[in-house]
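First the structure, in the form of structure tokens, and then the observations on it.
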Amino acid sequence: MTELFRRLAASPFLLGELLLASLFVNILGLASTLYVIQVLNRYVSYGVDATLVTLTVGVVIAALLEFGFRLARMKLAAAIGSGPDAQAGDVAYRVLLQARVGALDRIASGLRQEIARNVDSVERAFTAPTVTAVLDVPFALLFMVTLLALSPLLAGIVAVSSALTLYLVVAAQKAMQAPTRAMTDAAANTQSLLTAAVEGADTTRAFNGSGMLFRLWDRQRGVLRSLRRRLADAEGLNQSLVAGIANFQGIAIIAVGATLVVEGTLDVATLIGANILAARALGPIARMGTLSETITKGTQALKLLRDFAQLPLEPESGSALNPYRGKLELKDLAFLYPGGAGPLFESLSLTLEPGMVLAVTGPNGSGKTTLARMLVGLIDPMRGQILVDGVDLRQVAPEWWRRQVVYQPQEPVFLPGTIAENIRLNAPALDGEGLNRVIQAVGLRPFIDTAPKGFETPITDGGRHLSLGVRRRIALARALASGGGLVVLDEPTEGLDAEGCAAVLAVMNALGASGRTIVAVSHDPQIVQRAHLLLDLGSKPVPRVARVVHSPGKETPHV
């Protein structure tokens, strides 16, 4: 509820219009009650048709005006939520796109997807009907004051009922906070299992993993169902209690009012009107009870979004060396994953002059891909510096730096779009001639020529529908498009046939001949033998750096 009040306070002029419209809506709402009292007292008692006509015309006009004010208020209330809701969605997606990858890596993928979906929960919680329902609550006093003028005793009954209902509403919102948060976590875990089933379809079937996944799914769905039942039971109990209070209020009004009628201090018409006023007074507060779950979910979702928005973003500014000449220095570099038993590597120092080739080797899990991501600026070292032309990489503008890097990741993933759009991601000005040049260089020409839409062939689902060889060639073409001075290739020949390996080696030779600095993560002897330095990350904790000596007449270099 605090968030709703914050939104209302943020637009004082709009809030004033809403309150004024609500005042008119509720004042005009009194007309129907007064109409009932007047018809029973004046028309039924005296039978003058003109009186009935006059009263009926008056109440119809009031009803039409009330309808008009309700429509106007609904449009005003919609404006309260539209701006903040759109902002929450934009902020969440922008954080997903621009947060430091190291910070994102610490959040499970299922929770990341759940956070993005929480925008919908926020929008559902602060809709125009919710805003108007909250604004009607203070005007319940208007009906109580009117009832007070008719019968203080009956007004007291309504006051007690309203206080009990309000207490139940507040208590229900507090009670649902913990299970609502737990349900968010459970939904994130369920989403992770869905992702595993979709993205790991081959693995699941090839290694008979469906049994394990289904057991996890059944267990997680059980947790989710239990939490949903708990919330539903709490919501149902709350609504039943609120309805019960309303029923008892109606009984009490009639019973007490009847005694007043018998005593002669109240007439039947006023009793009927008082019963209507009592229901109108309790109605807005009772309506809040039905919105408790929605508001609680929205509040929890908004808190999660705000926590997510606190993740550190990549800087949008920084140094831009123009041009980057290709020198790369690693000084006392160390990296430790959060929760890791020890550093992947530490005290790593080496210098690459422009045009040099570094081959990075080591067993799986030794930190080869981590180092490659670090050189691209995706993650930061725990200690030490990466210097590019003598400038700390942390001080360099990330967007500019990535245009200086020819980067091919080990597991290429593509964005929704065409082949041409994906290749031009880091080089939007690349013309048709340049596009054809990089396609030709990586040996992708036969695929493009045979594809029905050529360069306009759409890539979906991250490119998983394409063969590994085609994915790697497109990824290499995307890397070459930047024309950068530092080349970072992570297992560039893995999964390629002889023709594909030959294309990669030809590309590396051309890049080396043009003076590019190359860092290649690979065990391929044909790549290693072209290196000037060999970095063995299998040596722990301090990696071994050795100069490769190329002996004349021998294909295998010496370290």
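The values are calculated or read from the model by the stated rules, or taken from the named source; none is laboratory data. Source: prediction; values computed, not measured. Note that each Cβ is placed from the backbone with ideal geometry, even for glycine, and that neighbours are counted across all protein chains shown.
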Hey, can you tell me all the residues within the range 343-375 that are under 38 Å from the mean Cα position of the chain (by Cα) and closer than 19 Å to VAL406 by Cα? VAL360, LYS368, THR369, THR370, LEU371, ALA372, ARG373, MET374, LEU375
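Residue-by-condition table, conditions (1) not in a helix (DSSP H, G or I); (2) not hydroxyl-bearing (Ser, Thr, Tyr):
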{"residue": "GLY283", "(1), (2)": "no, yes"}
{"residue": "THR294", "(1), (2)": "no, no"}
{"residue": "LEU302", "(1), (2)": "no, yes"}
{"residue": "ASN322", "(1), (2)": "yes, yes"}
{"residue": "ALA334", "(1), (2)": "yes, yes"}
{"residue": "LEU350", "(1), (2)": "yes, yes"}
{"residue": "ARG373", "(1), (2)": "no, yes"}
{"residue": "ASP380", "(1), (2)": "yes, yes"}
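Looking at the structure I just gave you, is ALA31 of a type in the set (Gly, Ala, Ser) and surrounded by fewer than 15 Cβ atoms within 10 Å (Cβ to Cβ)?
The answer is no for ALA31.
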Sort out which residues of the range 455-490 are in contact with a Pro (Cβ under 9 Å, 6 or more places away or on another chain), crowded, with 16+ Cβ neighbours inside 10 Å and in a loop (DSSP other than H, G, I, E, B), and write them in order of number. GLY485
Take the range 390-408 and flag every residue that is in contact with a strand residue (DSSP E or B) (Cβ under 6 Å, 6 or more places away or on another chain), surrounded by fewer than 18 Cβ atoms within 10 Å (Cβ to Cβ) and under 19 Å from THR370 (Cα atoms). ASP392
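Residues checked against (1) at negative phi; (2) small (Gly, Ala, Ser); (3) at pLDDT 90 or above:
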{"site": "ARG6", "(1), (2), (3)": "yes, no, no"}
{"site": "ALA10", "(1), (2), (3)": "yes, yes, no"}
{"site": "LEU15", "(1), (2), (3)": "yes, no, no"}
{"site": "PHE24", "(1), (2), (3)": "yes, no, yes"}
{"site": "THR33", "(1), (2), (3)": "yes, no, no"}
{"site": "ILE37", "(1), (2), (3)": "yes, no, no"}
{"site": "ASP49", "(1), (2), (3)": "yes, no, no"}
Restricting the search to the range 487-517, which residues are of a type in the set (A, V, I, L, M, F, W, C) and in contact with a Leu (Cβ under 6 Å, 6 or more places away or on another chain)? VAL487, VAL488
List pairs: first residue in the range 352-371 and under 19 Å from VAL101 (Cβ atoms) and in the same structural domain as PRO492 (by TED's automatic domain parsing), second residue polar (S, T, N, Q) and assigned to a loop (DSSP other than H, G, I, E, B) anywhere in the structure, Cβ distance under 7 angstrom, at least six positions apart or on different chains. THR369/GLN410
Just a yes or no: is a residue in the range 188-198 outside any helix (DSSP H, G or I) and either surrounded by 14 or more Cβ atoms within 10 Å (Cβ to Cβ) or at pLDDT below 80 (or both)? no
Residue by residue through the range 16-35, note down the ones that are touching a helix residue (DSSP H, G or I) at 6+ places or on another chain (Cβ under 8 Å), farther than 21 Å from ALA63 by Cβ and without any contact (Cβ under 8 Å) to a residue 60 or more places away in the chain. GLU17
Yes/no for TYR337 being among the aromatic types (Phe, Trp, Tyr), at pLDDT 80 or above and surrounded by 17 or more Cβ atoms within 10 Å (Cβ to Cβ): no
Of everything in the range 508-539 that's charged (D, E, K, R) and farther than 21 Å from ALA498 by Cβ, which residue is surrounded by the fewest Cβ atoms within 10 Å (Cβ to Cβ)? ASP536
Residue match in the range 141-164 (condition: in contact (Cβ under 8 Å) with a residue 60 or more places away in the chain, of a type outside the set (Val, Ile, Thr) and closer than 30 Å to ALA309 by Cβ): no
Residue pairs qualifying under the 7 Å Cβ cut-off, at least six apart or on distinct chains, with the first in the range 412-439 being assigned by TED's automatic domain parsing to the domain that holds VAL488 and the second being of a type in the set (S, T, N, Q), are PHE414/ASN422; LEU415/ASN422; PRO416/THR460; THR418/THR457; ILE419/THR457; ASN426/SER482; ALA427/SER482
